[in-house]
1. Please work out how much accessible surface Val177 shows to a 1.4 Å probe, ignoring ligands, DNA and RNA, in Å² rounded to 10.
2. Under 4 °C and 1.567 mPa s, how fast does segment 73-143 diffuse according to Stokes-Einstein, given a Kirkwood radius computed over C-alpha pairs? Answer in µm²/s, whole number.
3. Would you please give the FRET efficiency between Val113 and Ala87, computed as 1/(1 + (r/R0)^6) with r the Cβ-Cβ distance and R0 = 22 Å, to the nearest 0.05?
4. How much length would be gained if the chain were fully extended between Asp47 and Arg180, taking 0.36 nm per residue of separation minus their Cα-Cα distance, in nm to one decimal?
5. Where does segment 54-180 land on Rg/Rh, using Cα atoms and the Kirkwood Rh?
6. Rounded to the nearest 0.05, what FRET efficiency do Gln55 and Val169 give with R0 = 51 Å and r taken as the Cβ-Cβ distance? Could you check?
7. Which whole-number value in Å² is the accessible area per residue of the chain, probe 1.4 Å?
8. Looking at segment 151-267 from every direction and averaging, what is the projected area of its Cα convex hull in nm²?
Amino acid sequence: MARTLPRQDRTNARLPGQVRSALPGLILFAALVAVWFAVKYGARIPDQQMPAPLQVVREGWSARAELLKAAASTLSGALAGFLLGSAAAVLVALLIASSRVASRVLVPFALVVRTLPIIAIAPLLTLLLGTGIITIMAVAAIIIFFPTMINTVLGLRSVPPEALELMAVANASRLQVLWRLRLPTALPYTFSGLQIGAATCILAAMVAEWVTTGTGLGYLILQAGVQFDVGLMWAGVLVAAVLALAVFTLAGLVARRVIPGEPSDAR
């Protein structure tokens with residue numbers, strides 16, 4: 001009994017902090033729902049254009065099996081592309097930060113790819129890769145690649161000169177400087193890029209689904225709109241928003257675990 005009381009005391013002490021960290025999100029959610037109600041009933045918008053929140057919840061619950069299956073399909077493609085694009089972005093960032101020639105070649109190419117809209121990339125990749133999950137992974141990887149690459153390059157180049165001089169005095173090799181100094185310095189920058197791209201990976205996967213697999217949330221929302229099933233369409237949009245928020249939050253939690261000295265009071 002003497003051992004359990006301190007644990008309970010620590011849990012109770014941490015609870016107010018956790019509530020405070022979640023309070024802004026809850027307030028924002030309540031405000032959005034209130035605005036939804038106000039616009040819906042204040043402007044007297046018909047249900048065929050904007051259903052009420054409770055109607056969307058009912059439609060989503062009645063089609064929960066279909067929504068869960070579609071969400072799982074979208075999430076799998078988006079996460080696979082997220083991992084692929086993140087790994088490629090870090091490798092390219094290492095090349096750019098360590099070689100001026102690589103920087104002159106790869107940065108303009110990455111900028112050109114970044115300027116292409118998703119809706120234009122998806123059909124092109126469909127022709128090249130087919131109508132399977134590979135295309136969804138490729139679109140998501142392209143979306144996550146640029147912000148992660150740019151942030152990682154900034155992090156690798158933001159090492160204090162004094163630290164580099166200290167490593168030079170210690171006769172550290174380039175690999176040791178990279179592993180012990182540059183990569184730890186770049187971690188906060190890299191995870192900032194990952195958080196930015198994590199949520200957009202869901203959107204990228206949904207756009208790819210419109211023109212490729214015929215599965216996932218993107219295709220479900222498109223078909224619901226064609227069939228004038230407005231409730232299901234809005235339910236699909238809400239599920240997609242929840243997925244984007246979830247992967248964004250997950251990236252932040254991983255960052256707090258991985259980055260040394262990162263505050264963990266939100267955990």
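The values are calculated or read from the model by the stated rules, or taken from the named source; none is laboratory data. The structure displayed is predicted, hence computed values, not measured ones. Cβ: placed from backbone, ideal geometry, glycine included. Neighbour counts: every protein chain shown. Just so you know, the surface numbers come from the protein's heavy atoms only, side chains and all, with ligands and any DNA or RNA stripped out. Shrake-Rupley method; radii C 1.70, N 1.55, O 1.52, S 1.80 Å.
1. Accessible surface of Val177 is approximately 20 Å².
2. Answer, rounded: 100 µm²/s.
3. In this case the efficiency is close to 0.85.
4. Result for the pair: 42.0 nm of gain on full extension.
5. Working: Rg = 20.6 Å, Rh = 17.5 Å.
When Rh is taken as the Kirkwood radius, the ratio is 1.17.
6. Values: r = 69 Å, r/R0 = 1.35.
Step by step, r from the Cβ atoms, then E = 0.15.
7. 61
8. That works out to 9.9 nm², a quarter of the Cα hull's surface.
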